[in-house]
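Just below is one structure, and these are the notes that go with it.
The values are calculated or read from the model by the stated rules, or taken from the named source; none is laboratory data. Note that the structure is a prediction, hence the values are computed from the model and not measured. Positions of Cβ are generated from backbone atoms using ideal geometry, with glycine treated the same way; all protein chains shown enter the neighbour counts. Calculation scope for accessible area: heavy atoms of the full protein, side chains included, ligands and nucleic acids excluded. Shrake-Rupley method; radii C 1.70, N 1.55, O 1.52, S 1.80 Å.
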Amino acid sequence: MNESEIRNLLNDLNLSEIKYFESISSTNTAALEMAENGAADFGLVIANNQTAGRGRFNRRWVTNPDSALAFSLILRPNILEIEHLGLFSPLGALAVCDGLSQLGLTGQIKWPNDVLLNHKKVCGILAESVWLGSQVQAVVIGIGVNVAPDSVPPTDQLLFPATSVEGVLQSPVNRYHLLKDILRALCLRRAHLLDPGFLKDWNERLAFRGKQVRLKRVDEEKGLIGKVVGIDPNGNLLLLGHDGKILNIAVGEIHLRPESEGENDSLGGCAC
Ligand code: BTN
C-alpha cells in the first residue's frame, strides 16, 4: 500500500494527524518531538523502515522495509489517566492481541508488555513520556510488530526467540489492515482503561502463568526465580517465591525469562 492508500484506510479512525515516513530513524523519536511541539491527542507516526529503531533497555529494534509494522501513537493523558501512566504499555499490548485475534491468533503478554505468539516474541512496545517540570504532557506508545518472516532478525542476534505473524499463520497478511485493527482496539480499550475489566483481560493474556521464571535487572547476574501468579491492580507482577511468599515486582529495568526447558540467561527481547 502506498501512503495515500494507508491514509484512506485509516480515515475513519479519527486520528488527529498521520505522519508517514518511507524511512526514518525512529518513529518514537519523531513522535516525541511532535508531542513536544504541541501535537494533539491520538496522532500517529508510521514508517515503512526504521534505521535506528529503539527498544527497551536502550536496545536496538530492527525494522526492515516492507515487512513489519513500526508506529508510534501520541496520547495526551486526561486527568484520570495521568495517575495510571503505567497502564499505557499494556494498553498497547492488549490492542495488539485484539488485532491478532481478528486474524484468528491468540497473543500472550510477557509481562510487562511484549506480545508473544507460540511463546515467541512477535511485538515489542516502548512507551515514553514528554515532561514539563514534574507534569507529564504526553505519552508516546511505540509499537513494532514482526509481520513477514523477514522482519525477524537472525537467531544469533536475538536475546529471546522471535516469530512473525505470517510465519505463524502460514499465509500473507496485509499489515495495514492489522494496524487499523490495533488502533481501533486501542481507542476502544482506552475508554475502559481504569475499569476492572482491563486488569482482568491483561491477566487472562499473561504468558508463563504458573510457570517458573527468572527476573533480572540489566546489571544483575542471577536475579530472582519464582512462579508467575498474576498482575496486581498497580500493574505489578505477582511472583510466588521458593519460600511460599508472594513477591510484588514493579515494572522497571527488569527482564523476565522462562526458567524451564534449558533456556539460559542469554535469551532476551527481539530488540537486539
Ligand atoms: C522492545 O521490545 O524493547 C520494544 C521495541 C519497540 C519498537 C517500536 S518500533 C516503533 C517504535 N519506534 C521505535 O524506535 N521503537 C518503537
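Couple of notes before you dig in:
- Of the numbered criteria (1) at pLDDT 95 or above; (2) open to solvent by 70 Å² or more (accessible area, probe 1.4 Å); (3) touching a helix residue (DSSP H, G or I) at 6+ places or on another chain (Cβ under 7 Å), the one Glu253 fails is (1).
- Of all residues making up the range 154-186, the number that are touching a residue at least 60 places away in the same chain (Cβ under 8 Å), more than 22 Å from Gly104 (Cβ to Cβ) and in a helix (DSSP H, G or I): 1
- For the range 189-209, a residue qualifies if it is of a type in the set (A, V, I, L, M) and without any contact (Cβ under 8 Å) to a residue 24 or more places away in the chain, and exactly one does: Ala191.
- Filter result for Leu126 (open to solvent by 30 Å² or more (accessible area, probe 1.4 Å), within 13 Å of the ligand (Cβ to nearest atom) and touching a Lys or Arg at 6+ places or on another chain (Cβ under 9 Å)): no
- Residues located in the range 48-81, provided they are part of a helix (DSSP H, G or I) and open to solvent by 40 Å² or more (accessible area, probe 1.4 Å): Arg56, Phe57, Asn58
- Residue satisfying condition, being within 16 Å of the ligand (Cβ to nearest atom) and without any contact (Cβ under 8 Å) to a residue 24 or more places away in the chain, within set Asn11, Asn58: Asn58
- Among the residues of the range 130-152, none qualifies, meaning not one is of a type in the set (A, V, I, L, M, F, W, C), touching a Lys or Arg at 6+ places or on another chain (Cβ under 7 Å), within 22 Å of Asn236 (Cα to Cα) and assigned to a strand (DSSP E or B).
- Unique residue being modelled with pLDDT of 95 or more, open to solvent by 40 Å² or more (accessible area, probe 1.4 Å) and either among the polar types (S, T, N, Q) or in contact with a Phe, Trp or Tyr (Cβ under 7 Å, 6 or more places away or on another chain) (or both) when the list is Asn203, Asn174, Asn234: Asn174
- Screening Leu85, Leu80 for residues that are more than 16 Å from the ligand (Cβ to nearest atom) and under 15 Å from the mean Cα position of the chain (by Cα) leaves exactly one candidate, Leu85.
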